[in-house]
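Peer 1: Just passing along the structure, written as structure tokens.
The values are calculated or read from the model by the stated rules, or taken from the named source; none is laboratory data. Computed from a predicted model, the values in this text were never measured in an experiment. Note: ideal-geometry Cβ built from the backbone for every residue, glycine included; neighbour counts use all protein chains shown.
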Amino acid sequence: MHLHLEGAAEPETLKELDPSLTDEEIRAALGYTDFAGFIQSYIWVSRRLRGPSDYALIARRLFERLHAQGVCYAEVTLSAGVILWKQQDLASIFDALAEEAVRSPIPVRWVLDAVRQFGAEAAAPVFDFAAEHIRDGVVAIGIGGFEAEGPALWFRDLYAKARDRGLRLTCHAGETTNAQSVWDALAIGAERIGHGIRAVDDPRLTGHLRERQIPLEICITSNLRTGAVTSLAEHPARRLFDAGVPLILNTDDPALFGCTLESEYDLAARAFGFTSEDLAELAANSLRFAFSAPTKSSPAATP
């Protein structure tokens with residue numbers, strides 16, 4: 001449910017795109033120590049993607065890996081705002097991705113993401129494009145980037161219009177700032193919260209999420225690698241789960257964080273004592289809160 005396409009481009013895929021890249025160059029570019037550094041690594045990968053065929057390749061490799069892990073459905077976030085920032089042709093890139101999704105061994109839907117620190121005016125074309133491509137597999141819209149530099153309330157009107165046009169709504173919030181950021185995301189209509197870990201600091205908010213059954217898209221390794229939490233012991237996944245907040249486990253940017261969905265489930269069990277029954281609940285939540293039900297026939301696609 002929370003998986004960024006660009007952040008899923010593995011080093012071997014990057015070398016497929018550009019055979020001149022060395023392992024040392026890739027390691028240097030993907031090395032970071034905080035959230036700002038992570039964003040720079042993400043931008044470095046994005047700049048390696050020169051057009052439709054490059055985007056299609058990283059999508060193909062991602063879908064293959066997901067299928068090998070037993071994933072039965074994926075909602076993949078495309079950084080459409082970054083594509084426009086690079087002055088590339090979003091329509092031709094998305095067409096190539098839509099073709100890859102049709103050929104994918106698992107059902108795939110798309111969440112388009114705008115860059116929040118660029119503001120609402122820059123985000124508007126992303127929202128319009130998403131609404132125009134609902135029939136092509138786009139199910140939702142979101143905003144990402146530097147949370148503190150692009151408050152969710154800037155996008156209230158765009159979110160309202162997107163909802164009226166049939167898009168589902170998600171929003172990164174409460175990852176690197178505070179619980180108020182989650183409240184603001186809810187105020188503009190977000191149905192799922194990307195990360196949302198700082199909700200643990202506000203009992204009224206955790207109660208609201210529990211009562212309204214609004215899920216948090218939890219990404220444990222991501223939060224550790226970006227410094228959103230300083231240690232696994234500090235991560236609030238267990239406390240949020242015990243408080244009754246619906247959680248979904250995700251990888252966020254698996255290539256940049258060195259994780260898989262399998263490893264995230266294993267980590268939840270080892271670090272936080274999630275039982276097999278707890279993990280089954282988390283897996284069921286992924287299908288329960290999906291913005292579009294799986295459509296390809298597969299025994300694993302049955303909740």
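Peer 1: Only one of Glu281, Glu277 is under 27 Å from Ala140 (Cα atoms), at pLDDT 95 or above, part of a helix (DSSP H, G or I) and of a type in the set (D, E, K, R); which?
Peer 2: Values: Glu277 fails: under 27 Å from Ala140 (Cα atoms).
Just one listed residue meets the conditions, Glu281.
Peer 1: Out of Ala101, Ala96, which single residue is part of a helix (DSSP H, G or I) and either over 19 Å from His2 (Cα atoms) or of a type in the set (Phe, Trp, Tyr) (or both)? Don't jump to the end; show me each part of the working.
Peer 2: Working: Ala101 fails: either over 19 Å from His2 (Cα atoms) or of a type in the set (Phe, Trp, Tyr) (or both).
It is Ala96.
Peer 1: Given the structure, is Phe63 at pLDDT 95 or above, buried (at least 20 other Cβ atoms within 10 Å of the Cβ) and under 24 Å from Asn250 (Cβ atoms)? Let's see the steps before the verdict.
Peer 2: Values: at pLDDT 95 or above: yes; buried (at least 20 other Cβ atoms within 10 Å of the Cβ): yes; under 24 Å from Asn250 (Cβ atoms): yes.
Taking the combined requirement at face value, the residue satisfies it.
Peer 1: List, please: which pairs have Cβ atoms under 6 Å, are six or more places apart or on different chains, and start with a residue in region 204-219 that is modelled with pLDDT of 95 or more and end with one that is part of a strand (DSSP E or B) and not hydrophobic (A, V, I, L, M, F, W, C)?
Peer 2: Taking only residues 6 or more apart or on different chains, the pairs are Pro215/Arg192; Glu217/Arg192; Glu217/Gly194; Cys219/Asp252.
Peer 1: Quick one: how many residues across region 222-280 are surrounded by fewer than 16 Cβ atoms within 10 Å (Cβ to Cβ), free of Cβ contacts under 8 Å to residues at least 12 places away in the same chain and within 24 Å of Gly7 (Cα to Cα)?
Peer 2: Number of matching residues: 3.
Peer 1: Which residue out of Gly31, Gly37 is in a loop (DSSP other than H, G, I, E, B) and farther than 29 Å from Phe289 by Cα? Spell out how you get there, then give the answer.
Peer 2: Working: Gly37 fails: in a loop (DSSP other than H, G, I, E, B).
Going through Gly31, Gly37 in turn, the sole match is Gly31.
Peer 1: With the condition kept exactly as written, say whether any residue in region 45-60 is among the β-branched types (Val, Ile, Thr) and more than 29 Å from Phe289 (Cα to Cα).
Peer 2: Narrowing region 45-60 to residues among the β-branched types (Val, Ile, Thr): 45, 58.
In the following step, the residues that additionally are more than 29 Å from Phe289 (Cα to Cα) were identified as 45.
Yes, that holds for at least one residue.
Peer 1: Starting from region 141-168, keep only residues that are in a strand (DSSP E or B), then list their pairs with residues that are aromatic (Phe, Trp, Tyr) and surrounded by fewer than 21 Cβ atoms within 10 Å (Cβ to Cβ) whose Cβ atoms are within a distance under 6 Å, requiring at least 6 positions of separation or different chains.
Peer 2: If the second residue must be aromatic (Phe, Trp, Tyr) and surrounded by fewer than 21 Cβ atoms within 10 Å (Cβ to Cβ), the pairs left are Arg168/Phe291.
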